[in-house]
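*Asks:* Dropping the structure in here first, questions after.
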Ligand SMILES: Cc1ncc(C[n+]2csc(CCOP(=O)(O)OP(=O)(O)O)c2C)c(N)n1
Ligand SMILES: [Mg+2]
């Protein structure tokens, strides 16, 4: 080529660019796209090495990831599927409208499902596999889309009109349909709860990983079942939604598919009015290593994109912010022509053959079954990484004036007659004008094409979804051997309840029947709890095994990762660990395996931090043991205010199927866990356990005879007084690590003050509280019959003297049982913010050491006129207590 000196630098630029492009074209033609990609990579490296700063983008253009020419043909009958979808739409909307006709409307949502109908229907007709297939999928349905899932079940003939009629009427005899997915309320239908936003996605991630764990450990036959999580775009703002997305790509969980319904709206308005939620999510997921499939535009856009040789349309698509896109959705075709297409004469030219009406009707990707089918197909076939589908839809699709695309649509629960008529006509529902105002449910007969088609599809795909079924056999019995040594105590050797638990866990892991079912879960705290021996004993689970030589390889307890490892070492994520707990604790139903999770963590970061996931675990009928380690406001010396837990037992009390204990001794732990395994895995109770364990060491006593029932019910007499005939009597309650303080107080009260004090171990205030209320309620409803007596009353009815309780938890715990005791209870507890200090100083500060137990007892005796107040004053002095010290509860 002859060199011609350029006149201007812009001309030079153009020539240069042309030359580069020509070269690239040449490589493309001679070597193909792979070669071009390699060359570009090489160029990038070279440029970087020479200091060129390249702008970063994790985004692809604002178009469908799967181009039209790569689409597969969709099997099945599009017409019948469209009819079915319309019927589902109608019944779903009718349920909500009818539920809100009465004066006292009962809520429900129309617009979420309206936007997601195609996303679900394509799944139901072509992808979701039922458990009967042996390869069942696990589906986390978006909570607010529940009406659509019920409407389909109705058309399938799984539920009838009376069920639909009783949507959200959960107290109707026989049970209505639950407002959202709640396995607690519909245990044969829903598998996992989702409606608290963000919990579905994180539980789905750990579910997918747990499936791999079961397979790698030989507890489940490898299957091609998928875990689908359907979520809203607004929901992705919850930290739990995106907070764990690096795990599935790291673990190559190609059994996981997220479908995000990007209707660009949440409850109040646009998710990102001034931005693009889809592009934002694409970058986040691509950055995290996911396979991202964008499904933005329906088929009507394909010919236009094919004409878009110079990229003006793609550019225009990418520059519109979501708030503006929402505006187009509610506007006329003429408006869209002017404002979207009108930006460039070339764009206007592209659509000049289309009428305004046609422009208005151009669909979005998430409403086009072919686009959705292709995305799902690609997701299901993808190997090596999880997939997220970002499907663009319109919120309230089909509602027209009743709310399509409007900001109020999320809350829309009613439709007037005119709106119903329009909806009916748009979807071709055979309901007459005369009837439309009544919003009747409509189901074609069993031998109609639609019903036959739906049923055939579900049969082929392995049965109806969702279906929840307990697929495991109950355990026959619980072995006693692992528990026995703990009944004997430690013969004076000191141990903490944490050490006891870890020893018991290690024994359970060795048990020939139970061992393989145990799933230890730790959020990076194994060493804190002295569990490192388990690393070697059973290994840390890692699908990849251990591809490196661990730094401590030459030690006995090295950090052993193995593909059949048993411990789920989750790293610092209580939310992730809890999601694993849910997966492992529901496997008895979902996967037919009785895995028994033991999740041990810093107690402060449980109920306080991830209480909502624990609530969901209860709803999901999760079984297993949560162990709150380093617990007790004064027992965890050091660490301080953010870590010293003196209140999670108060939270646990409110979780209906959580059985909580604050044990003090080895045998208490053994009895509770043994009975817990029996109740959950032999008797099949849908409960889970919370035990607090501590790190203070003291000698573990021998189990007193006859104490088993009391340990489980919440209280038993641990040590009777040696002065039963003393005129001054007391009953002292102690729990957890404070029990030894109470025993010490008992000795001094007897030897120094001649007070005959019995010591009771209170293992569970919440169990006593529940039992008391159960009896009281029964009595209220059964006047004239022999009243039932709460357990705690039965135990203490003849007990003499004053009552004093001390624990490392807030005073509300003992206060909660006060009314069922013969006399008022004096409560010592640890209300207030913790402090980093020595144990002794903390117990002094919070007024729960033996000295305060003595003073409280003497004070109560003085109150009852049994001793002179001066004795109490002297005791205060003798024990160096400053009566003017600050109140720890508020300082
Ligand atoms: C943790 C939590 N916070 C708030 C809500 C209340 N809420 C219910 S639906 C909703 C908006 C949902 O928007 P999006 O996730 O985009 O779902 P869409 O209905 O648009 O598909 C909100 C705020 C909730 N259910 N859970
Ligand atoms: Mg939304």
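The values are calculated or read from the model by the stated rules, or taken from the named source; none is laboratory data. Nothing here was measured: the structure is a model prediction, and the numbers come from that model. A quick note on method: Cβ atoms are made from the backbone with ideal geometry, for glycine too, and the neighbour counts reach across all protein chains shown.
*Asks:* Would it be correct to say that residue 289 is under 21 Å from the mean Cα position of the chain (by Cα) and either within 29 Å of residue 578 (Cα to Cα) or within 16 Å of ligand 2 (Cβ to nearest atom) (or both)?
*Replies:* It is false that residue 289 is under 21 Å from the mean Cα position of the chain (by Cα) and either within 29 Å of residue 578 (Cα to Cα) or within 16 Å of ligand 2 (Cβ to nearest atom) (or both).
*Asks:* Taking segment 214-236 on its own, how many of its residues are without any contact (Cβ under 8 Å) to a residue 40 or more places away in the chain and either near ligand 2 (Cβ under 9 Å from one of its atoms) or within 17 Å of the chain's Cα centre (by Cα) (or both)?
*Replies:* Selection size over segment 214-236: 1.
*Asks:* Can you pull out the residues in segment 861-877 that are in a helix (DSSP H, G or I) and closer than 18 Å to residue 730 by Cβ?
*Replies:* 861, 862, 863, 869, 871, 872, 874, 875, 876
*Asks:* A further question follows. Name the residue, out of 8, 70, 103, that is over 32 Å from the mean Cα position of the chain (by Cα) and either modelled with pLDDT of 90 or more or closer than 25 Å to residue 390 by Cα (or both).
*Replies:* The unique qualifying residue is 70.
*Asks:* Every residue in segment 303-320 that is surrounded by fewer than 16 Cβ atoms within 10 Å (Cβ to Cβ) and either in contact (Cβ under 8 Å) with a residue 60 or more places away in the chain or within 22 Å of residue 394 (Cβ to Cβ) (or both), please.
*Replies:* Selection gives 303, 306, 314, 318, 319.
*Asks:* Tally up the residues in segment 828-846 that are surrounded by fewer than 22 Cβ atoms within 10 Å (Cβ to Cβ) and not in a helix (DSSP H, G or I), please. If you could, list the steps in order and put the result at the bottom.
*Replies:* Within segment 828-846, the first condition is being surrounded by fewer than 22 Cβ atoms within 10 Å (Cβ to Cβ), and the residues that meet it are 831-833, 835-841, 844-845.
Checking the rest, the ones that are also not in a helix (DSSP H, G or I) come to 831-833, 835-838.
Number satisfying all stated conditions: 7.
*Asks:* Hey, another quick one. List pairs: first in segment 668-682 and over 16 Å from residue 477 (Cβ atoms), second surrounded by fewer than 24 Cβ atoms within 10 Å (Cβ to Cβ) and at pLDDT below 95, Cβ under 7 Å, 6+ apart or cross-chain?
*Replies:* Going by the 7 Å Cβ cut-off, there are no qualifying pairs.
*Asks:* Which condition does residue 224 not pass, out of (1) within 24 Å of residue 592 (Cβ to Cβ); (2) at pLDDT below 95; (3) surrounded by 20 or more Cβ atoms within 10 Å (Cβ to Cβ), if it passes all the others?
*Replies:* If we test residue 224 against (1) within 24 Å of residue 592 (Cβ to Cβ); (2) at pLDDT below 95; (3) surrounded by 20 or more Cβ atoms within 10 Å (Cβ to Cβ), just (3) comes out false.
*Asks:* Would you list the helices (runs of 4 or more DSSP H) that sit entirely within segment 288-360 and hold 1 or more residues that are within 20 Å of residue 276 (Cβ to Cβ) and at pLDDT 95 or above?
*Replies:* Once the helices (runs of 4 or more DSSP H) in segment 288-360 are filtered for at least 1 residues that are within 20 Å of residue 276 (Cβ to Cβ) and at pLDDT 95 or above, what remains is 302-307, 312-319, 322-330, 333-339, 345-350.
*Asks:* Let me ask another. State yes or no: is residue 301 more than 15 Å from ligand 2 (Cβ to nearest atom) and farther than 30 Å from residue 592 by Cβ? I'd like the intermediate steps shown before the answer.
*Replies:* Details: more than 15 Å from ligand 2 (Cβ to nearest atom): yes; farther than 30 Å from residue 592 by Cβ: yes.
So residue 301 fits the description; yes.
*Asks:* Can we say residue 622 is more than 16 Å from ligand 1 (Cβ to nearest atom), at pLDDT below 95, buried (at least 24 other Cβ atoms within 10 Å of the Cβ) and over 28 Å from residue 536 (Cβ atoms)?
*Replies:* No: the conditions fail for residue 622.
*Asks:* Now, a different point. Taking the stated definitions as given, is residue 282 within 12 Å of ligand 1 (Cβ to nearest atom) and within 29 Å of residue 328 (Cα to Cα)?
*Replies:* When the stated conditions are applied, residue 282 does not pass them.
*Asks:* Scan segment 98-127 for residues that are more than 16 Å from ligand 1 (Cβ to nearest atom), buried (at least 24 other Cβ atoms within 10 Å of the Cβ) and under 15 Å from residue 409 (Cβ atoms) and report the count.
*Replies:* The qualifying residues number 0.
*Asks:* Specify the residue that is surrounded by the most Cβ atoms within 10 Å (Cβ to Cβ); the eligible residues are those in segment 248-298 that are farther than 24 Å from residue 118 by Cβ and touching a strand residue (DSSP E or B) at 6+ places or on another chain (Cβ under 6 Å).
*Replies:* Per the criteria, the residue is 248.
*Asks:* Any chance you could count how many residues in segment 36-59 are under 42 Å from the mean Cα position of the chain (by Cα) and surrounded by 15 or more Cβ atoms within 10 Å (Cβ to Cβ)?
*Replies:* The number of residues fulfilling the criteria is 1.
*Asks:* Answer yes or no as to whether residue 124 is in contact with a helix residue (DSSP H, G or I) (Cβ under 8 Å, 6 or more places away or on another chain), within 30 Å of residue 296 (Cβ to Cβ) and within 16 Å of ligand 2 (Cβ to nearest atom).
*Replies:* Considered against the rule, which asks whether it is in contact with a helix residue (DSSP H, G or I) (Cβ under 8 Å, 6 or more places away or on another chain), within 30 Å of residue 296 (Cβ to Cβ) and within 16 Å of ligand 2 (Cβ to nearest atom), residue 124 comes out as no.
*Asks:* Sticking with this one: Exactly one of these conditions fails for residue 300: (1) touching a residue at least 12 places away in the same chain (Cβ under 8 Å); (2) over 21 Å from residue 405 (Cβ atoms); (3) within 43 Å of the chain's Cα centre (by Cα). Give me its number.
*Replies:* (2)
*Asks:* Enumerate the helices (runs of 4 or more DSSP H) found wholly within segment 363-452, keeping only those where 2 or more residues are on the phi > 0 side of the Ramachandran plot and either surrounded by fewer than 17 Cβ atoms within 10 Å (Cβ to Cβ) or at pLDDT 95 or above (or both). Walk me through it before giving the result.
*Replies:* On the way: elements: 369-381, 417-426, 433-436.
Output list is empty.
*Asks:* I need the full set of residues from segment 239-266 which are within 16 Å of ligand 1 (Cβ to nearest atom) and out of contact with any helix residue (DSSP H, G or I) (no Cβ under 8 Å at 6 or more places or on another chain), in order please.
*Replies:* 239 - this is the single residue of segment 239-266 that is within 16 Å of ligand 1 (Cβ to nearest atom) and out of contact with any helix residue (DSSP H, G or I) (no Cβ under 8 Å at 6 or more places or on another chain).
*Asks:* A further question on this structure: Is it the case that segment 773-791 has a residue that's touching a helix residue (DSSP H, G or I) at 6+ places or on another chain (Cβ under 8 Å), part of a loop (DSSP other than H, G, I, E, B) and either within 20 Å of residue 740 (Cβ to Cβ) or in contact (Cβ under 8 Å) with a residue 60 or more places away in the chain (or both)?
*Replies:* No: segment 773-791 contains no residue that is touching a helix residue (DSSP H, G or I) at 6+ places or on another chain (Cβ under 8 Å), part of a loop (DSSP other than H, G, I, E, B) and either within 20 Å of residue 740 (Cβ to Cβ) or in contact (Cβ under 8 Å) with a residue 60 or more places away in the chain (or both).
*Asks:* Could you list all residues from segment 195-236 that are within 16 Å of ligand 1 (Cβ to nearest atom), out of contact with any strand residue (DSSP E or B) (no Cβ under 6 Å at 6 or more places or on another chain) and part of a loop (DSSP other than H, G, I, E, B)?
*Replies:* To start, the set of residues in segment 195-236 that are within 16 Å of ligand 1 (Cβ to nearest atom) comprises 195-204, 228-236.
Those left that are additionally out of contact with any strand residue (DSSP E or B) (no Cβ under 6 Å at 6 or more places or on another chain): 195-199, 202-203, 234-236.
If the condition is that a residue be within 16 Å of ligand 1 (Cβ to nearest atom), out of contact with any strand residue (DSSP E or B) (no Cβ under 6 Å at 6 or more places or on another chain) and part of a loop (DSSP other than H, G, I, E, B), then 195, 196, 197, 198 are the ones that fit.
*Asks:* Give the residues of segment 237-263 that are within 16 Å of ligand 2 (Cβ to nearest atom), part of a helix (DSSP H, G or I) and either over 14 Å from the mean Cα position of the chain (by Cα) or closer than 16 Å to residue 192 by Cα (or both), sorted by residue number.
*Replies:* Scanning segment 237-263 gives 237, 241.
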